[in-house]
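Comments concern the structure below.
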Amino acid sequence: MDNTTLNDTQDIRLPNQRPTQQPPHTQAPRPRRQIGAGPQGALAAPLQLPRVAIVGFSGRFPGADTAEQFWQLLLEERSSISELPYWHLPGIAERVQLRETFTCPGGFINDPSAFDADFFKISAREAEAMDPQHRLVLEQTWAAFEDAAICPHELRGSNTGVFIGISSADYNGLLARSEAGAHDATGNAHSIIANRISFVFDFHGPSGPIDTACSSSLVAVHRAAQSILNGDCTVAVAGGVNLCFEPMVFIGALKAGMLSPTGRCKAFAADADGYVRGEGVGVLILKDYQQALADGDNIVAAIIGSAENHGGHANSLTAPNPRAQADLIKQACRGIDINSIGYIEVHGTGTRLGDPIEISGLKQAFAELGANPEQRCYLGSVKTNIGHLESAAGIAGVIKTLLVLKQGYLPKSLHSEQLNPYIDLAGSPFAVLQAGREWPQVSDRQGQALPRRAGVSSFGFGGANAHVVLEAVEPVIPGSEAQGAASVFVLSAKTPEALQSRIEQLIDFVQRQPQLQLAELAVSLQLGREAMEYRCGFVAHSRDSLLSQLRDSGAGEGGPPAGKIAPEALHRALQQRDLGTLLSLWQQGATLDWRQLYEQPRPRRISLPTYPFSRERYWISEAPAASLMGAASLHPLVQRNTSDLAGQRFSSRFDGNEWFFSGHRVNGRKVLPGVAYLEMARAAVERSMVDADAVVALKHVAWRQPMVHDGGDLDIDIELVEQGEGQIRFEIRGSAADGPSYCTGVALVGSAERLVPLDLGTIAGVTNQQRLTPEQCYQVFGEMGLAYGESFRRINTLQAGNGQVLASLLRGEQAPGCELPPGLLDSALQAALGLALLEPLQAQREHQPLVPFALDRVVLGELDLLKQPCQAWVRYSADHQPGRINKLDLDICDEQGRIALRLQGFSSRKLAAAPPSMLAMTPVWRDKALIDPPQRSLARQLIVLAGAQSQDLDLLTQRCQALVGNRRQIHIVPLPVVTQDPASALPALAGFVIELVQKSPANSLVQLVLADLEHAGPVFASLLALLKTAKNEGLIDAAQCIELQGSLQPQWLVDNALQDDERVRYRDGQRQVASWQETQLAQGTALPWREGGVYLLSGGSGGLGLLLAEQLARQGQGVRLILASRSAGQLSPEASQRVAAIRALGAQVQLHALDIADRGAVEALIAQCEQEWGTLNGIFHCAGITRDSLLQHKSASDLAAVLAPKVAGVLNLDRASAHLPLDCFVLYSSVSAVIGNPGQGDYALANAYLDEWAGWRGAQVRAGRRQGRTLAINWPL
């Protein structure tokens, strides 16, 4: 935190208004040995300065998982500030309402809950109890040693010290609200963060945490360096860490006036308004400088001066003292030519008074040390990029400065365009980096070139200050020739997956380093990496040979312990310098000291990519979260009541280890059984009833998407809305604001329906055509990709015949509290397999898994009967339509036929396999004459007219009826008159059409007739997709669209009624039909993306949007991507990782939370893009949602929700960009627009509108009213 708390109320005089006087009777500092101690004044020889070598480092920062990504972020002048991403996590999700007080903007690292516990031999239970700050430091310490090319095992038992800055304890606070665990104390005590490193690595030197608030990590670096100089240790680990989980800390700091309400850290700026919190971790490996030279270490930089002090008594505990800050810098720079320092990484938190006070201290120190005002020293603050990392702020500044020293470039300090008027730099050597620039080389007073030097400041809000001076070090290049062993390249890892990642890392590294010295690479891998269980190696004498072998390699195998390898074989191979044999023995597990194969001097070791830790998530478990509610879980599927004034709601959190997930897998993934939703709804409704009313039935159940558990915690809500007359609507959905909708339906309470017992003897007699054993059943299920645990393997016998199945079901373990046991109900539905085997064609086909789709009705009978062995009778429903959609009825009864449960109209659909290759098709119109069709039995021909309002409908009906006679009835209705705005017109027209098909006989043809289509626009033509879906769902027999120019001929309507063509048009009397033609995608090296092009992706943070963004980043050099979606402000950990990866490819990425259906918001975003980048080069409309349910039960609210992002979204984007010179406007549509899709009539309609609108915009382009190619892509989704 900043040390200018409540700076508006403190009595602090501005330093450039009145100089601060030295307090009287101040004692001179007591002399002590420190870095930089030496004669002041004339420059001492560089090697005479006591110094400490930095030989390796590693860190993770907001927007950057590696130092390389961190440097890219700085170069691109990006700010990685976003909204708090942890609102969904247990312990925080319960207080999501705080988000309305403050969204808690900050700099957040990617998924801090991820940890490779197995690597460090830490149990899952202990890992979960460990503060993620401890885990991060542990991993980054290992990474820093690898960066230094030092094997930690070589330091076992040594006096290596550990100094870690840490201050916050948010995770401990979250744990305190849950049940106590055995590892809570060691997992969260600050002392353990350093002590655990010493324990794991077996270090015997000084070990402890440093907590001086914001200066913690820089104080840790200073004390580590001093410990080396004082002889307490030869090597030291120094660093710091900070994580920000607790929203109340943000809100408290905001109320105290510390935080920027705008979420931007504006160091040095006139409009600075507070700091922005940030997360990060960084670790340095420090070593005695002479020892590092002797050991051939790769010295990154040297610490040539450091100091810490305290401000003493000031106006208040948290008020800064510029005199103390000046003394600090003077003390750190003793013995150093002050004019040789060309850059200062300031504390620079962006507070209105704190920044000027810090600059005042710098000016005083440099003036008193004799700085030349003409010698330029630049000022910057990394906090403008990533926020104030508090206890990790100092280490972030150090690592940034190490990168600056290495690259010789000074990145811009952001948001400093207009300087704070209280910052007066006149007459001083200082200049704020308002733009990035090369760092010029400087010379000493004798004109000799000096190495680049920089200072780093960090000030704690309690007055503890630190400053460190760094010096660039040129790498020492040994003059030896490459030796034989330098052609052996070895890799190892703890797991096969990690080894494969190691191989991929090395391929990427070698490809990006054309001047790489192979000898340095080989020796770094041999001497700078621990040999682990899984190993692979290569002998290569050229870069191309190494790359070829790496690309052809597998993931290696774990070797046997070295003790099983004959020592004489290893000794003989060493004596003979037999590299092939040595490599083979090493790969088998032998312990080999590669140093024996080298003469001195060896090739130098270099920095290489570090270990690819696995990303398993560890967080507060579900059990403590449940106890947080004050009582045991209400029900295995309905855990707690979270109702509030907004509505009735129950919530559950699943970790994926529940039996109903772990025992039910589809294609290897844990998927909640469809029948579990029925029990979830029943339990939630009954727990909401005031009286003792019971649920007697469920109806209109629609499964919208599977609930898949891919790890971590899955939070869901069951929302209930009373509809009157004993009906309660339920929806089961993800808990997040934009979480998916899994299942909807209606529960009925009241009087139970009487169910007549079944005659099992008669049913058994007609189902004796085929019999299957349980083993045969579950073998078939396995081939379909369905894996069932014991709770879901209840089929005992199964017999089928005459379109029916009878199965006996075993009584299994009862699921506590479940009156509709998911294992038993799922097994009953499994019995439907017998129906498929009765059909000759189905029996021969390769089986595919089925997913539940819809259920007309569930009648609850005597549910106690489900606690004993049962019978399941499965048969086709009366309205089953072969070849379209499977519909089944199912009864579950006891041995006497008494019915416990009846399911009516259960429908499922196949989970389609991925196509073997891509097929590209484009729509075309073909001439086609009428043909003699097969006789089609139609009871009714319903003609729906659009754009022909002047027609005499009675006369037209009579003429058509006369042509068909009494073979079918002719009905003609006009579409209603609607508004000109398609976003409002389409839902109204769709509702009208849905009502028509709901009332139509099943053997009806619905003809959509579009007269004068040129003026009708895209709205009317898109309705055909809705009619195709109605046909697929069995509501009607056929659907057809006829487009006309000129007069409407009754003969055309009658003639086309018996044709199979679904879309017909007449042009100058010529009949044409819509068709598809295979096309080849354009091939060539030219890519359509502009270098540095600006592209807007609606739905950009969704799955398709991120896939597209990844391709744009790979193919387009330096592209700038605006990812806009409703969820952009609250990315999942996976999405955050993918965004970080896109940025790592060189793309600039901006995330914008946007409701694409909000016209004003879209216009504001595009205007902002124009203002920031001058234009847009392309728009990709990827936004969309689904709300699956059959048209028979489709609600107006679901219809509107699905249409809005597609229809209103594209209209808003077009209106806001009509004036722009776009290269392209691309629409992500779906094949459902072409063929319809059961349960997704609204989604098919929305995408069909996009297809038609693309044609409309193309016409606008040809007329000169728009620019850029328009393309709609019907993805197979």
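Quick notes
- Against the main long axis of the alpha-carbon atoms of the chain, helix 1241-1262 sits at an angle near 70°.
- Note on the chain: with charges restricted to the Cβ of Lys and Arg (+1) and Asp and Glu (-1), its dipole about the Cα centre is near 1480 debye.
- Contour excess over end-to-end distance, with Cα ends at Ser937 and Ala426 and 0.36 nm allotted per residue: 174.5 nm
- Here r is the Cβ-Cβ distance between Thr797 and Ala1002 and R0 is 35 Å; the resulting FRET efficiency, rounded to 0.05, is 0.45.
- The label-point distance for Glu616 and Arg1067, in a model that sets each label 7 Å from Cα toward Cβ, rounds to 6.4 nm.
- Maximal additional length on extending the Ala189-Arg95 stretch stands at 31.3 nm, based on 0.36 nm per residue less the C-alpha distance.
- Least to most buried among Glu279, Glu100 (fewest other Cβ within 10 Å first): Glu100, Glu279
- Pairwise Cα distances in the chain exceed 49 Å in 44 percent of cases.
- Rounded, prolate or oblate (a/c below 1.5 giving rounded, otherwise prolate when a/b exceeds b/c) for the range 1094-1275 by Cα gyration tensor: oblate
- Approximate spin-label separation Trp925-Gln896, in nm, with each point projected 7 Å along Cα-to-Cβ: 7.1
- Judged by the gyration tensor of its Cα atoms, with axes a ≥ b ≥ c, the range 487-597 is oblate; a/c meets the 1.5 cut and b/c is at least as large as a/b.
- Spin-label model, Trp1256 to Ala988: label points 7 Å out along the Cα-to-beta-carbon direction sit 1.5 nm apart.
- Positive dipole terminus of the chain, leading residue within Gly361, Ala736, Pro601 (C-beta point charges): Pro601
- Farthest toward positive dipole pole in the chain [+1 Lys/Arg, -1 Asp/Glu at C-beta], among His541, Phe57, Leu403: His541
- Applying the criteria of a DSSP loop state and at most 14 other Cβ atoms within 10 Å to the GluC sites (Glu not before Pro) of the range 449-538 yields Glu481.
- For Val1226, net neighbour charge (Lys/Arg +1, Asp/Glu -1) across residues whose Cβ lies under 15 Å away: +2
- Of interest is the spacing of the C-alpha centroids, which for the range 1150-1164 and the range 488-545 amounts to 47 Å.
- The range 86-127 shape via C-alpha gyration tensor axes, a/c threshold 1.5: oblate
- The range 285-333-the range 202-227 distance, computed between alpha-carbon centres (Å): 12
- Against the chain, whose longest principal axis is taken from its Cα atoms, helix 1159-1173 shows a tilt of about 40°.
- The chain: angle of helix 676-686 to the longest principal axis, Cα-based, in degrees nearest 10: 90
- Listed residue (Pro247, Ala224, Ile166) projecting farthest to the positive dipole end of the range 120-248, Cβ model: Ala224
- Of the residues His310, His1219, His880, the one with the fewest other Cβ atoms within 10 Å heads the list, and the complete ranking is His1219, His310, His880.
- Förster-model FRET efficiency, 25 Å R0, Asp508 and His153, C-beta, rounded to 0.05: 0.40
- Cα centroid separation - the range 1048-1126 against the range 398-426, whole Å: 47
Each value in this text was obtained by applying a stated rule to the coordinates, not by laboratory testing. Keep in mind that this is a model prediction, so the values were computed, not measured. Positions of Cβ are generated from backbone atoms using ideal geometry, with glycine treated the same way; all protein chains shown enter the neighbour counts.
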